[in-house]
Structures are given as structure tokens and as C-alpha cells.
1. Name the residues in segment 144-162 that are buried (at least 16 other Cβ atoms within 10 Å of the Cβ) and either in contact (Cβ under 8 Å) with a residue 24 or more places away in the chain or of a type in the set (D, E, K, R) (or both), would you?
2. Determine whether segment 1-17 contains at least one residue that is surrounded by 15 or more Cβ atoms within 10 Å (Cβ to Cβ) and polar (S, T, N, Q).
3. Take segment 1-52 and flag every residue that is of a type outside the set (Asp, Glu) and assigned to a strand (DSSP E or B).
4. If you check Thr126, Thr140, Thr170, which single one turns out to be assigned to a helix (DSSP H, G or I), in contact (Cβ under 8 Å) with a residue 24 or more places away in the chain and not assigned by TED's automatic domain parsing to the domain that holds Val47?
5. Is there a residue in segment 217-235 that is over 18 Å from Tyr119 (Cα atoms), within 22 Å of the chain's Cα centre (by Cα) and not in a helix (DSSP H, G or I)?
6. Scan segment 17-36 and report the pairs whose first residue is under 15 Å from Ala231 (Cα atoms) and whose second residue is acidic (Asp, Glu), with Cβ atoms within less than 8 Å and a gap of 6+ or a chain change.
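The values are calculated or read from the model by the stated rules, or taken from the named source; none is laboratory data. Since this is a predicted model, take the numbers as computed values, not measurements. Note that each Cβ is placed from the backbone with ideal geometry, even for glycine, and that neighbours are counted across all protein chains shown.
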Amino acid sequence: MSDNRFKIVFDGALLPGVESTTAKLNLAELFKSEVEAIEKLFTGRPVALKRDLSRPDAETYLTALKNAGVDARIEPEQPVAFSLAETHETESSNTDYSRPAASPYAPPRATVGDDLPEYATLKVFTIHGRIGRLRYLAWTLVLTLALLVAGGIISTVSFAVATASPVLGTLIGVVLGLALFVALVWVSVQIGVQRLHDLGWSGWLYFLNLVPLVNSVFPILLLVLPGNAGANQYGAPPPRNSTAVKVLATLWLAFIPVVLAIVVTLGMNGYLDQLEANMDSSYESSSITSDDEADQAATVEEDDAQSADEAAEPVDSPEQ
């Protein structure tokens, strides 16, 4: 008597929180197939992705599919009944099952569990994939340095053109500066979304940076919280951090306190200057008030003296 055999069945259902596009991309990478072929699996009809498996092998395949974000299940294979009755050989008996089936609902024929990549491929200019905390810091530092260099070049070109034509120089500076700002925002969003994916969070949460008060805490969470150790619904974990990544992340961590110290120093200097200006203004105001009071007192004294003089003058009496 043979052991029980099992099959992996998928009817298009996804795990909670997994987007359809993400699941299709994960399955395409898992099956080493095109996305167009994977889309044929999402018809709502049950499809047997793998047949004739032992229970341990079926569990391995199911785990791989769960990591890809799809809600597959294990079902027992129906036993085949053999009969001693005469059978007739048909044309279908000569079918070569090693070739892909002609049915549009047939799954791609590829191994599942053994071909899972250990680490994901790094791509900067995309919202797909995952990056860890140190790589997030390193990429942010490189982006900041690129911004400073590009900003310096734009300023130099604008000033050079402005010497000949101020209007044209201003126009070039505004257009190039706006383009640089858009590029900075776009790349920052892509890097931030990949960091969110490493935490197992949706990339839409990046828009929390637009919420007041929350935007002062949310970036800190991206720097502090560790990512998922294994694969999640957004793919395999990122590669191990290289020496360059560790060095750049360390430089960025050392640079942040320096920036904060500069900001605090400038703020304190501005506060002290404002306080000194207010004290000078108060002193001048009090000096003016004292001078006015002194002038007023002198005027009063003069009026009193004049009144006393007038009172002291003799009054001529009329002749009798």
C-alpha cells in the first residue's frame, strides 16, 4: 500500500495585508516566470500548483507560497482506482506531460521551495524590495551629498548666467532647483517605502511624514525599528550590510549630532541677539522717557518761577 499523496491548491486568495501586484511579482520571482503567466492563476478557480507530493514536501511548498503572500492550501490526492478490465489506448496516452499544458489555467512548471533566493536584489530607483536600517542611513547620506553637489552646480551656473542676464539666470535657477527638488522627493519616497517594506508595513504609511507632529517621530521609527528577519509579503530579506554601508551609516550617525549642535548654536545666538536688541530698545525707551520727564519738570519749574515773579511785582493803586 502506497503512502498518501498531496497537492497544493490555489484559488487566487491572498494573505491579509498583501496587495495583488506584490503577490504576482513574488510568484513570478518564485516560479522564475513572467508576470503575464502568473496572472492566469488569479481567476478565482482552484488550480493545482503541484501534485503527487509527500506531506513534508507539501508543507515546504506551502511555506514558500505563504512567504510569497498567497493563501494556498494542501489537499489530499484522490486515489487512482485500477481495473483489470480491458483498456483502450487513446491518443492522450502519448501526451508529453513534461511540456507546459495548453490550458490557460495551468501553473508554471518550476520548483518552489528550493529556488527561493536567500537575499533580495537591491534596487535604488524602485518602490519594490526591502532595505535595512544601516542601508537606509547610507543611501540617505549619499542622496544628501548628491543634493549638495547638484545644488552647488545649479547655483554656480545660475550666478554665471545672471552676470550677463539676471532674468535668464533667475529663470534657470528656479527651473533647475525645482527639478532637483522633485528628484529628491521621488528618490526619498522610494528609499522610504523600501524601508517600510523591510518592517512588513505598507508603503502608503510614508505619507505620515505629511502629518504634523507625527512627522517628527515617524522618521525616528524608520531608523530604530529592526526589519523582519526572514522573508515577508514584500520579498526576501535584503543582503548583508557591506563595509561601505557600515562606514556611510556611521558617518551619517556622526553627522546628525553635528547638525543638531549647529542648529542649537545658531538658535541660541539668535535668541541672545534678540534679547540684547530688546534690552537696548528698552534702555533707549527708558532714556527717552527720563529725558521727557526732565524736560517736563524743567518746564514746570520755569512756569512756577514766572508765576512767582508776576506775583512779586507791585500793583499800582489808583490816585485819590
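1. Within segment 144-162, the subset buried (at least 16 other Cβ atoms within 10 Å of the Cβ) is 147, 150, 154, 158, 161-162.
Within segment 144-162, Leu147, Ala150, Ile154 meet the criteria.
2. no
3. Just the residues of segment 1-52 that are of a type outside the set (Asp, Glu), to begin with: 1-2, 4-10, 12-18, 20-28, 30-33, 35, 37-38, 40-51.
Result: Phe6, Lys7, Ile8, Val9, Phe10, Leu14, Val47, Ala48, Leu49, Lys50, Arg51.
4. Numbers: Thr126 fails: assigned to a helix (DSSP H, G or I); Thr170 fails: in contact (Cβ under 8 Å) with a residue 24 or more places away in the chain.
Thr140 is the lone residue from the list that is assigned to a helix (DSSP H, G or I), in contact (Cβ under 8 Å) with a residue 24 or more places away in the chain and not assigned by TED's automatic domain parsing to the domain that holds Val47.
5. Step one: list which residues in segment 217-235 are over 18 Å from Tyr119 (Cα atoms), which gives 217-225.
Narrowing further to those that are within 22 Å of the chain's Cα centre (by Cα): 217-225.
Keeping just the survivors that are not in a helix (DSSP H, G or I) gives 217, 225.
Looking through segment 217-235, at least one residue is over 18 Å from Tyr119 (Cα atoms), within 22 Å of the chain's Cα centre (by Cα) and not in a helix (DSSP H, G or I).
6. Leu30/Asp115
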